[in-house]
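A.B. asks: Just dropping this structure here.
The values are calculated or read from the model by the stated rules, or taken from the named source; none is laboratory data. Fair warning: this is a prediction, and the values are worked out from it, not measured in the lab. Cβ atoms come from the backbone with ideal geometry, glycine included; neighbour counts cover every protein chain shown. The accessibility values were calculated without ligands, DNA or RNA, using every heavy atom of the protein model including side chains. Shrake-Rupley method; radii C 1.70, N 1.55, O 1.52, S 1.80 Å.
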Number of protein chains: 2
Amino acid sequence: MFREASHLNGFSGNALARLGEAGRPRSVADALASEGASVHLFAEDRALVRVVGEKLSARFTQAEAQSLGLDPDSLIVLGADGQALRLAGLATAPEKQTGIEAVDLRSLAIQGALDPADLAALAQARSTLHWHAQNRYCGRCGDALALNGGGVSRGCAACGTEIFPRIDPVVIMLAIDGDRCLLGRQARFAPGMYSALAGFMEPGETIEEAVRREVKEESGIEIGRVAYYSSQAWPFPSSLMIGCHAEALSTEITYDAAELEDCRWFDREEARLMLAHRHSVGLKTPFKMAIAHHLIASFAD
Amino acid sequence: MFREASHLNGFSGNALARLGEAGRPRSVADALASEGASVHLFAEDRALVRVVGEKLSARFTQAEAQSLGLDPDSLIVLGADGQALRLAGLATAPEKQTGIEAVDLRSLAIQGALDPADLAALAQARSTLHWHAQNRYCGRCGDALALNGGGVSRGCAACGTEIFPRIDPVVIMLAIDGDRCLLGRQARFAPGMYSALAGFMEPGETIEEAVRREVKEESGIEIGRVAYYSSQAWPFPSSLMIGCHAEALSTEITYDAAELEDCRWFDREEARLMLAHRHSVGLKTPFKMAIAHHLIASFAD
């Protein structure tokens with residue numbers, strides 16, 4: 001396989017064949033009845049995982065799912081792994097003694113003890129389950145929505161509206177001024193962490209326009225050229241991170257204190273130390289699972 | 001200004017400062033009361049425009065908007081053009097004799113008689129107005145939603161949910177096998193038109209993974225490397241087109257007849273003739289306003 005920057009990001013490598021492909025069972029009941037079906041389970045936002053030797057497993061049989069308090073009305077079909085169908089649903093948080101734990105997806109991505117393809121399927125599952133839970137009623141007429149096609153969409157019998165799982169495109173960009181890059185720090189970040197700037201795209205703009213708007217809004221820096229680098233599915237709850245490098249046309253920072261508690265230029269050497277967690281006063285970048293890490297690393301190296 | 005591929009696409013060049021910037025009036029009433037405020041109007045999906053010499057104008061004063069049947073409850077604030085605020089709202093289709101016509105955004109983009117920045121603002125307006133109309137009730141609890149911040153979001157007083165305008169990322173890609181590119185034809189296309197394949201992204205995949213999945217689903221062709229080319233806001237109703245070139249690893253097409261009525265390879269020379277509308281049997285590509293045109297042109301030239 002060739003090298004692809006997006007492969008380096010956590011939650012990539014989803015190997016499930018989607019429901020869009022012809023010939024897949026499209027109802028939850030059909031999927032449950034199929035041979036080898038397995039279920040990913042969530043207790044609210046956290047995935048249930050079991051320790052298997054040195055690895056983790058996030059796949060449960062239907063019987064196991066029932067014993068873990070599966071809510072059958074929450075089930076959706078994710079896709080097929082070969083002939084075996086994969087579903088996802090909501091369960092209750094397990095007791096300590098079961099050997100099964102509820103773990104958030106950030107921690108699972110950082111630990112790396114789960115098969116990457118299953119981690120990606122969990123990202124798909126978490127985004128999709130969240131969307132279904134947030135869309136039980138029709139936005140147009142207020143009537144109840146029903147599940148279509150095992151989770152492909154939701155439909156309103158009253159007004160005919162059909163809606164599909166939502167993905168929010170976000171631009172995340174490293175502004176570069178020669179040998180320096182621009183990093184910001186939000187108050188909610190872990191101590192010492194600085195990251196690339198980011199923000200939700202808005203209707204009526206290109207990716208490049210969104211990059212220029214967001215950097216200007218958050219830091220006051222003017223941006224010229226924008227170069228796409230890689231992308232990442234970000235299931236918190238359902239973003240598509242679109243990572244870019246961006247050429248700074250100005251250098252004086254006036255950061256938006258409502259968004260950031262600090263924002264400044266870092267030279268290549270300082271960025272390298274932060275990536276390696278060897279910075280003298282403990283400053284650091286996000287973990288390798290995050291697209292921001294690789295945006296910074298591809299500049300620093 | 002440097003050359004940027006996304007600049008070539010219709011609806012680019014939005015010059016409005018968004019509401020996200022500090023210091024902008026955030027309510028519709030404040031915006032209407034501000035000096036120089038203007039309104040973009042829509043009769044359902046079509047923008048109201050007036051002929052001014054050889055050009056078109058899509059800006060109306062508040063008084064004009066009222067005379068055109070503006071629904072005041074539909075108004076949202078788009079942003080600021082210098083000091084002057086821009087709003088958008090729904091009106092009634094004008095009578096023939098008023099000199100004002102309701103025109104769909106595709107036609108406006110093809111004609112090129114409207115200022116590109118105003119065309120981009122119309123794209124923003126159409127996507128955002130459509131979203132507000134489709135989200136009058138809370139998806140989580142079914143209660144009525146209220147407009148927040150002049151249209152920045154909608155909020156539910158009953159359960160506290162806040163939702164923001166939705167943008168659907170779509171991958172649109174030109175698969176390339178050496179000197180040939182892959183184009184498909186949907187039954188709803190104009191006669192003779194072939195375009196790049198495209199499809200909505202799904203939760204839990206990168207842009208590159210979505211490109212490989214969509215090309216495989218629609219044409220049976222396996223894709224290797226994917227290279228981002230440009231992006232386009234596509235207000236039908238609210239997509240973000242993410243345009244890529246994609247390296248074909250196989251050549252035998254098995255197209256999905258539910259999606260396409262034809263799909264085949266075209267060599268560079270045939271693509272050039274189609275772009276120039278000089279093809280011997282009248283085959284053609286989409287117009288220059290569409291990202292597909294430029295994906296094909298950048299391959300053919």
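A.B. asks: Based on Cα coordinates alone, diagonalise the gyration tensor for the stretch B:230-301, multiply each eigenvalue by 5, take square roots, and list the semi-axes in whole Å, largest first.
C.D. replies: Equivalent-ellipsoid dimensions as semi-axes: 20, 18, 14 Å.
A.B. asks: Would you give the gap between the C-alpha center of the stretch A:67-132 and the C-alpha center of the stretch B:191-250, rounded to a whole Å?
C.D. replies: 28
A.B. asks: Under a cut-off of 21 Å between alpha-carbon atoms, report the lysines in cross-link reach of A:Lys288, not counting same-chain residues fewer than 8 places apart.
C.D. replies: Within the straight-line limit of under 21 Å, A:Lys288 reaches these lysines: A:Lys55.
A.B. asks: Next up: How big is the equivalent ellipsoid of the stretch B:164-301 along its three axes, where each semi-axis is √(5λ) from the Cα gyration tensor, reported in whole Å from largest to smallest? Don't skip to the end; give the middle numbers.
C.D. replies: Numbers: eigenvalues 96, 61, 40 Å².
Largest first, the stretch B:164-301 gives 22, 17, 14 Å.
A.B. asks: Run through the other copies and list how far each one's label point is from that of B:Phe189, in nm with one decimal, shortest first; the point sits 7 Å from Cα along Cα-Cβ.
C.D. replies: Sorted ascending, the copy-to-copy spacings read 4.7 nm.
A.B. asks: Any idea what the B:Gly36 label distances to the other copies are, label 7 Å down the Cα→Cβ vector, nm, shortest first?
C.D. replies: 6.6
A.B. asks: Taking K and R as +1 and D and E as -1, what net charge do the other residues with C-beta under 14 Å from the C-beta of A:Ala248 add up to? If you can, show how the numbers build up before the last one.
C.D. replies: Details: positive: A:Arg180, A:Arg212, A:Lys216, A:Arg225, A:Arg264; negative: A:Asp177, A:Asp179, A:Glu214, A:Glu218, A:Glu222, A:Glu247, A:Glu252, A:Asp267.
Around A:Ala248, the charge tally is -3.
A.B. asks: Quick one: pull the percentage of alpha-carbon pairs in chain B with a separation above 31 Å.
C.D. replies: Tail fraction, whole percent: 38.
A.B. asks: Putting +1 on Lys and Arg Cβ atoms and -1 on Asp and Glu Cβ atoms, find which of B:Leu19, A:Pro286, B:Ala88 reaches farthest to the positive end of the dipole of the protein assembly as shown.
C.D. replies: Of the options given, the answer is B:Ala88.
A.B. asks: I need the fraction of alpha carbon pairs in the stretch B:122-169 separated by more than 14 Å, rounded to a whole percent.
C.D. replies: On the way: 511 of 1128 pairs.
Tail of the P(r) past 14 Å holds 45 percent of the pairs.
A.B. asks: Give the angle, between 0 and 90 degrees and rounded to the nearest 10, that separates the Cα long axis of helix B:116-134 from the longest principal axis of the Cα atoms of chain B.
C.D. replies: 80
A.B. asks: Once R0 is set to 41 Å, what does the formula 1/(1 + (r/R0)^6) return for the Cβ-Cβ distance between B:Asp177 and A:Glu222, expressed as a FRET efficiency to the nearest 0.05?
C.D. replies: Working: r = 41 Å, r/R0 = 1.00.
Between B:Asp177 and A:Glu222 the formula returns 0.50.
A.B. asks: With label points built 7 Å along Cα→Cβ from the Cα atoms of B:Asp104 and A:Glu101, find their separation and express it in nm.
C.D. replies: The answer from the label model is 5.6 nm.
A.B. asks: Spin-label point model (7 Å from Cα, Cβ direction): what's the B:Glu261 to B:Phe236 distance in nm?
C.D. replies: 1.6
A.B. asks: Assuming R0 = 22 Å, can you tell me the calculated FRET efficiency for the pair B:Thr254 and A:Phe2, based on Cβ-Cβ distance, to the nearest 0.05? Could the numbers behind the result be given before it?
C.D. replies: On the way: r = 24 Å, r/R0 = 1.11.
My answer for the efficiency is 0.35.
A.B. asks: Rounded, prolate or oblate: which fits the stretch A:3-112, taking a ≥ b ≥ c as square roots of the Cα gyration tensor eigenvalues, rounded meaning a/c under 1.5, else prolate when a/b beats b/c?
C.D. replies: Numbers: a/c = 1.91, a/b = 1.04, b/c = 1.83.
Judged from the Cα gyration tensor, the stretch A:3-112 comes out oblate (a/c at least 1.5, b/c at or above a/b).
A.B. asks: How high is the relative contact order of the stretch B:59-206, given as a whole-number percent (alpha carbon pairs under 8 Å, six or more residues apart)? List each step's numbers first, then the result.
C.D. replies: On the way: 153 pairs, mean separation 19.0, N = 148.
Dividing the mean separation by the residue count of the stretch B:59-206 yields 13 percent.
A.B. asks: What distance in nm lies between label points placed 7 Å from Cα along the C-beta direction at B:Gln134 and B:Asp301?
C.D. replies: Those two pseudo-labels are separated by 3.4 nm.
A.B. asks: Quickly estimate the mean residue ellipticity at 222 nm for the protein assembly as shown, helices only: each DSSP H run with n ≥ 4 gives -39500 (n - 2.57), and the total goes over all residues, rounded to 500.
C.D. replies: Values: 14 runs with 138 residues, N = 602.
Calculated mean residue ellipticity at 222 nm is -6500 deg cm²/dmol.
A.B. asks: Still on this structure, please answer the following. Rounded to the nearest 5, what % of DSSP beta bridges with both residues in chain A are antiparallel? If you can, show how the numbers build up before the last one.
C.D. replies: Details: 45 of 61 bridges.
Here the share of antiparallel DSSP bridges comes out near 75 percent.
A.B. asks: Counting only C-alpha contacts under 8 Å and six or more residues apart, can you give the relative contact order of chain B as a whole percent? Write down the numbers at each step before the final one.
C.D. replies: Values: 621 pairs, mean separation 53.3, N = 301.
Normalised by residue count, the contact order of chain B is 18 percent.
A.B. asks: Mind putting a number on the dipole of the protein assembly as shown about its Cα centre? Charges go on the C-beta only, +1 for Lys and Arg and -1 for Asp and Glu, and I need it in Debye to the nearest 20.
C.D. replies: It comes to approximately 160 debye.
A.B. asks: Distances in nm, one decimal, shortest first, from A:Gly69 to the same residue in every other copy, taking the label point 7 angstrom along Cα→Cβ.
C.D. replies: Output for A:Gly69: 5.5 nm, nearest copy listed first.
A.B. asks: Between the helical axis of A:207-219 and the dominant principal axis of chain A, each derived from Cα atoms, what acute angle in degrees is found, rounded to the nearest 10?
C.D. replies: Helix A:207-219 sits roughly 60 degrees off the main axis of chain A.
A.B. asks: Please flag any cysteine in the protein assembly as shown that has no other cysteine's Cβ under 4.7 angstrom from its own Cβ.
C.D. replies: Unpaired cysteines in the protein assembly as shown: A:Cys181, A:Cys244, A:Cys263, B:Cys181, B:Cys244, B:Cys263.
A.B. asks: So, one more: If I take every Cα pair under 8 Å that is 6 or more residues apart in the stretch B:2-143, average their sequence separation and divide by the length, what percent do I get for the relative contact order?
C.D. replies: Working: 231 pairs, mean separation 44.1, N = 142.
Over the stretch B:2-143, the number comes to 31 percent.
A.B. asks: Right, something else. Rank these residues by their accessible area, most exposed first, probe 1.4 Å: B:Phe189, A:Phe164.
C.D. replies: Per-residue accessible area, sorted high to low, gives A:Phe164, B:Phe189.
A.B. asks: Using a Förster radius of 25 Å, what is the FRET efficiency between A:Val51 and A:Ala84 based on their Cβ-Cβ separation? Nearest 0.05, please. Intermediate results must be reported in sequence, preceding the final value.
C.D. replies: Values: r = 22 Å, r/R0 = 0.89.
Working from the Cβ atoms, E equals 0.65.
A.B. asks: Show me you know the interface measure: the accessible area buried between B and A, both chains summed, probe 1.4 Å, in Å² to the nearest 100.
C.D. replies: Details: alone 14980 and 15000 Å², together 25540 Å².
That pair of chains buries around 4400 Å² in total.
A.B. asks: Against the longest principal axis of chain B, how steep is helix B:291-300, in degrees 0 to 90 to the nearest 10, with axes from Cα atoms?
C.D. replies: Long axis of B:291-300 versus the principal axis of chain B: about 30 degrees.
A.B. asks: Kindly identify the protein assembly as shown as rounded, prolate or oblate by the Cα gyration tensor criterion: order the square roots of the eigenvalues as a ≥ b ≥ c, call it rounded if a/c is under 1.5, otherwise compare a/b with b/c, prolate if a/b is larger, else oblate. It would help to have the intermediate numbers written out before the result.
C.D. replies: Working: a/c = 1.32, a/b = 1.25, b/c = 1.06.
Rounded, since a/c falls under 1.5.
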